[in-house]
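The values are calculated or read from the model by the stated rules, or taken from the named source; none is laboratory data. In this text, all values refer to a predicted model and were calculated from it rather than measured experimentally. Because the Cβ atoms are built from the backbone with ideal geometry, glycine has one as well, and the counts that use them run over all protein chains shown. Calculation scope for accessible area: heavy atoms of the full protein, side chains included, ligands and nucleic acids excluded. Shrake-Rupley method; radii C 1.70, N 1.55, O 1.52, S 1.80 Å.
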Amino acid sequence: MQFDQLYQEIILEHYKRPHGRGLREPFGGEAHHVNPTCGDEVTIRVAVAGDKLADVSYEGMGCSISQASASVLHDLLADQPVDEAFKVHDAFVELMQGRGQVEPDEELLGDGVAFSGVARYPARVKCALLPWMAFKDAAVRAGVAVGPEVKA
Amino acid sequence: MTSLAIPSTFDVASLRADFPILGREVNGHPLVYLDSANTSQKPRQVLDVMRAHHERHNGNVSRSVHTLGTEATLAYEGAREKVAAFVNAPDPAEVVFVKNSTEAINLVAYAFSNASVTPGSDPRFRLGPGDEVVISEMEHHSNLVPWQLLCERTGATLRWFPITEAGRLDESGLDTLVNERTKLVSIVHMSNILGTINDPSRIVARAREVGALVLLDCSQSVPHLPVDVRALGVDFIAFTGHKMLGPTGIGVLWGRGELLDAMPPVLGGGSMIETVTMEKSTFAPPPARFEAGTPPIVEAIGLGAAIDYLSEIGMPAVQAHEQEITEYALSALESVPTLRIFGPTVTEGRGGTISFALEGIHPHDVGQVLDDEGVEVRVGHHCARPVCVRYGVPATTRASFYVYTTTEEVDALVRGLERVRKVFG
Ligand SMILES: Cc1ncc(COP(=O)(O)O)c(C=O)c1O
């Protein structure tokens, strides 16, 4: 059933027990994004060291999809080379904008593949993308390169 | 304020047969539509009238001598008469057709704006630094943002009534809030998020003392209870067709004739003029002055059909039915563990719109699980973000009822909420 694909166990797990939550110092860039239709909020901080993302920390408030997405984002991007991080970012955005037609790359996306069901719920795609859009802005402010436009 | 003495005199089951959409399924379950405060469903009678108009009588209004144009004009003006009678307006010319409530409220705001920069305009519509506009914390953004913008443009000051913890308008500061500097008070009749029904009588009396005008946002009241503009004693009301069994694209500004007469036009164009030269134009009397361009003709006619439908049931019966459902729903929801209701928890002075939160579970998730059960509710801030801020929540889940709502649908909601608690508990 579609519904179980939306709320996969992995998503509920990340929601109930988020990984790496909390805003940490030092950081090079910070961005706060809000979903104006539902009031979901997330703040992301990016710390860069050399060509690596030394840390990606976050704080947020919102639905299970947006908050689990932030937790997964932290897992996937913190401590990664910048290039690799943007590959993951782009793959996640592509998956979310694929209306359920995109086959996710499990190697690249890890727990992020659990969000493939979300792509079939247009009203929820914005929730899943919220932390990733904030990440992109925070990364720009931290002075690292950006991927393609995110359209939610 | 509300009377339970009037029994619901109609049979909900047979009435539901008039609404084709209520027969459909959502995600494998019968549709349980609990989002009428957002937009209502439309009975076949309304759809039929609109279809028949397009198929048989379509022509532009007020501009043709031919038969179709005459039929269309008669139907359009007939709808205006129905609207006027429905809210007990003394004269159909006091009914201005607009796109929706939002446009109705903006029309008044821009009339103020235009008057403020036009020499010789009526002083009641002139705003400048030192003048005040009063709203409330309970407003839909449609009755908030236009006044913020107007105050920014004119230098006037925006002030507002707070909300009490119980979800009522806090009128304790009435005499200082509404004072000699106040030019306009614009408040909601029934809150679209808390369900509160405000009694505007004290505010109207105070406004009269200080010479301020009063606009009542009746978007949620006209569809659900008898509204009588003469009894209310206000100067303007705004409401919107799609929330009262009519189509989208049609709304109403009612204003006292003498005030509409004194208001400058807002949109310029065809049908709103008296004479036009290359240098200057003079304007038609209301309502035409405020209906520039080809109006939403079939939508107005559809609204007229919706009013016929509601009048046949009778608004007291509509209200009584919703009171019954609301009473049932309030006690059913109170049985759900960790559920908190925002707004009045008694049926007195409230309508059939109930906002609530399940502790620790985001409304988006609540709404998604309910949708999987075919139960359609609204989640979010309901275009009344200051209300959410007032209660310290980012969003709420809202169930809202109408003539076609049944107690079984409330039961389905409660069952759905149990499932929500299982998934996220
Ligand atoms: C109280 C209130 N005011 C104004 C509006 C705006 O109505 P519309 O969107 O039809 O202009 C609504 C409905 O959304 C409402 O509930």
Could you look through segment A:1-42, keep only residues that are within 12 Å of another protein chain (Cβ to nearest Cβ), among the aromatic types (F, W, Y) and open to solvent by 10 Å² or more (accessible area, probe 1.4 Å), and pick out the one that is farthest from the chain's Cα centre (by Cα)? A:Y7
So, B:G155, is that one touching a Pro at 6+ places or on another chain (Cβ under 9 Å) and surrounded by fewer than 18 Cβ atoms within 10 Å (Cβ to Cβ) or not? yes
Which one of B:F97, B:F112 is within 20 Å of the chain's Cα centre (by Cα) and either among the charged types (D, E, K, R) or surrounded by 20 or more Cβ atoms within 10 Å (Cβ to Cβ) (or both)? B:F97
Regarding B:V188, is this residue open to solvent by less than 30 Å² (accessible area, probe 1.4 Å) and either farther than 30 Å from B:I325 by Cβ or within 16 Å of the ligand (Cβ to nearest atom) (or both)? yes
Kindly indicate whether any position in segment B:244-253 is open to solvent by less than 10 Å² (accessible area, probe 1.4 Å) and more than 16 Å from the ligand (Cβ to nearest atom). no
Among the candidates A:G143, A:G50, A:G62, A:G110, single out the residue that is within 14 Å of chain B (Cβ to nearest Cβ) and on the phi > 0 side of the Ramachandran plot. A:G62
Strands (runs of 3 or more DSSP E) lying entirely in segment B:112-207 (those with 1 or more residues that are within 26 Å of B:A231 (Cβ to Cβ) and β-branched (V, I, T)): B:132-136, B:182-188
Listed by range, helices (runs of 4 or more DSSP H) wholly within segment B:1-93 having at least 1 residues that are in contact (Cβ under 8 Å) with a residue 24 or more places away in the chain and within 16 Å of the ligand (Cβ to nearest atom) are B:67-86
Check segment A:81-93 and report whether any residue there is surrounded by fewer than 22 Cβ atoms within 10 Å (Cβ to Cβ) and within 14 Å of chain B (Cβ to nearest Cβ). no
Would you point out which residue out of B:E327, B:E299, B:E291, B:E312 is surrounded by fewer than 19 Cβ atoms within 10 Å (Cβ to Cβ) and over 27 Å from B:T397 (Cα atoms)? B:E312
Residues located in segment B:382-405, provided they are within 12 Å of the ligand (Cβ to nearest atom), open to solvent by less than 20 Å² (accessible area, probe 1.4 Å) and within 14 Å of chain A (Cβ to nearest Cβ): B:H382, B:A384, B:V387, B:R398
Please go through segment B:356-380 and give me each residue that is open to solvent by 20 Å² or more (accessible area, probe 1.4 Å), at the interface with another protein chain (Cβ under 9 Å from one of its Cβ atoms) and more than 13 Å from B:V420 (Cα to Cα), ordered by number. B:V379
Segment B:210-252, residues that are in a helix (DSSP H, G or I), under 23 Å from B:D35 (Cβ atoms) and touching a Pro at 6+ places or on another chain (Cβ under 8 Å): B:G241, B:K243
B:H141 meets each of (1) surrounded by fewer than 20 Cβ atoms within 10 Å (Cβ to Cβ); (2) away from the ligand (no atom under 16 Å from the Cβ) with one exception, condition (2)
